[in-house]
1. Within the stretch 39-91, how many residues turn out to be closer than 20 Å to Arg113 by Cβ and assigned to a strand (DSSP E or B)?
2. I want to confirm something. Restricting to the stretch 256-286 and keeping residues that are among the aromatic types (Phe, Trp, Tyr) and in contact with a strand residue (DSSP E or B) (Cβ under 8 Å, 6 or more places away or on another chain), which single residue is nearest to Tyr219 (Cα to Cα)?
3. Mind telling me which of the residues Lys247, Lys289, Lys311, Lys305 ends up being touching an Asp or Glu at 6+ places or on another chain (Cβ under 8 Å) and modelled with pLDDT of 95 or more?
4. Go through the stretch 93-121 and give me each residue that's touching a helix residue (DSSP H, G or I) at 6+ places or on another chain (Cβ under 7 Å) and assigned to a strand (DSSP E or B).
5. Do any helices (runs of 4 or more DSSP H) lying entirely in the stretch 135-226 carry at least 2 residues that are closer than 24 Å to Leu238 by Cβ and modelled with pLDDT under 95, and which ones are they?
6. Conditions: (1) more than 21 Å from Thr253 (Cβ to Cβ); (2) modelled with pLDDT of 95 or more. Ser95 meets all but one. Number of the miss?
7. For the stretch 276-313, name all the residues that are within 20 Å of the chain's Cα centre (by Cα) and without any contact (Cβ under 8 Å) to a residue 40 or more places away in the chain.
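The values are calculated or read from the model by the stated rules, or taken from the named source; none is laboratory data. For clarity, every value in this text was computed on a predicted model and none was experimentally measured. As a convention, Cβ positions derive from the backbone with ideal geometry for all residues, glycine included, and neighbour counts pool all protein chains shown.
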Amino acid sequence: MRVDVHAHCYPKAYIEELKKIGIGGEGGIGVEIPVWESAEARIAQMDSLGVDVQVLALSAPNVHFADTGLSKTLAVMTNDFIAGISQQYPERFLSLASIPLTNLDHAMAELDRAMNNLGMDGIVLGTNINKVPLSDDRFLPFFEEIDHRKIPVALHPSRAIGEDLMPKEDVTLAIPSNVGFIFETTRTIAQMIFKGTFERLRNLTFILPHSGGAIPFIYPRWDISYRSRPEGHPLRSLPNLPSHYLKRHYYDTALSYYPSSLRCTVDLAGIDRMLFGTDFPYTNDFRAKETIENIENYGFSKGEKEKLYFKNAAILFPKLLQRG
């Protein structure tokens, strides 16, 4: 069984609301957002790839807007829509809730509704909430609740903090998505590790997209930095090396499926913390197919592939055990 933990669903009504506020591409990076056609159409695409289950979620820009009322409205609307798909086709889809974290009360209420009333399987968050880092103390009560309830959190890069400083030409050249997105994930996890968020909240576990951005390649620098700092440095308040906290999270293969990327991720996290992901439907060309081909040809054993494709995801999403 193959479970794609990194797949997106955009209701037409959501996209129409984005157009009203001047967003015509994905988070303003010039990539047109693919409208959800139907569950039947998506299932046909999955079958052609040999994918059994998709975990559906919004991507950027998600529901993180300065207008807190709009954020709440879009969260409720998209969660109802995505949860409805997974309820109607429970053998093929799971669902992740979007959370309007621009207002803590709204966020707590929608988290409870999504988990308890809609029966969704986890949540998805952008790497920043309207340019406020997830490590900001204002979000701590929310993450304490996530930690208490052991809810899996899928992270997805959103508009990079500082993107406004990039030359306009960078957008045309796709620098924000090919570089900015990668380092949004990397920066977010570094901030939360260095600040001690993961030390404090022992159950807080993220699904990191695109194999964690640049993390698998550059994380040794974090450990070196930790070891070279004198006692009393803020970073040394952590009782463990940064890599200790990285091994808690899960890393998906979306757009990080070449052998060099797989090798770095295996070296950091091990096969037990890797997940199959494609970034569908953005990769409904050669890329989703190449993801599977590269995994199949990498040299993983049968047992390792079973973990990557299904068993690791089933730890995070117990409903999958009813299918496996």
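1. 3
2. In the first step, residues of the stretch 256-286 are kept if they are among the aromatic types (Phe, Trp, Tyr); the result is 257-258, 276, 280, 282, 286.
Now drop any that are not in contact with a strand residue (DSSP E or B) (Cβ under 8 Å, 6 or more places away or on another chain), which leaves 276, 280, 282.
Details: Phe276: 22, Phe280: 27, Tyr282: 28 Å.
Out of the qualifying residues, it is Phe276.
3. Values: Lys247 fails: touching an Asp or Glu at 6+ places or on another chain (Cβ under 8 Å); Lys289 fails: touching an Asp or Glu at 6+ places or on another chain (Cβ under 8 Å); Lys311 fails: touching an Asp or Glu at 6+ places or on another chain (Cβ under 8 Å).
Every option except Lys305 fails the conditions.
4. Phe93, Leu94, Ser95, Ala97, Ser98
5. Output list reads 181-194.
6. Condition (1) is where Ser95 drops out.
7. Within the stretch 276-313, Thr283, Arg287, Thr291, Lys307, Lys311 meet the criteria.
Each row is one residue, and each column tells you yes or no for (1) surrounded by fewer than 20 Cβ atoms within 10 Å (Cβ to Cβ); (2) among the aromatic types (Phe, Trp, Tyr); (3) touching a helix residue (DSSP H, G or I) at 6+ places or on another chain (Cβ under 6 Å).
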{"position": "Gln191", "(1), (2), (3)": "yes, no, no"}
{"position": "Ile207", "(1), (2), (3)": "no, no, no"}
{"position": "Gly213", "(1), (2), (3)": "no, no, yes"}
{"position": "Pro234", "(1), (2), (3)": "yes, no, no"}
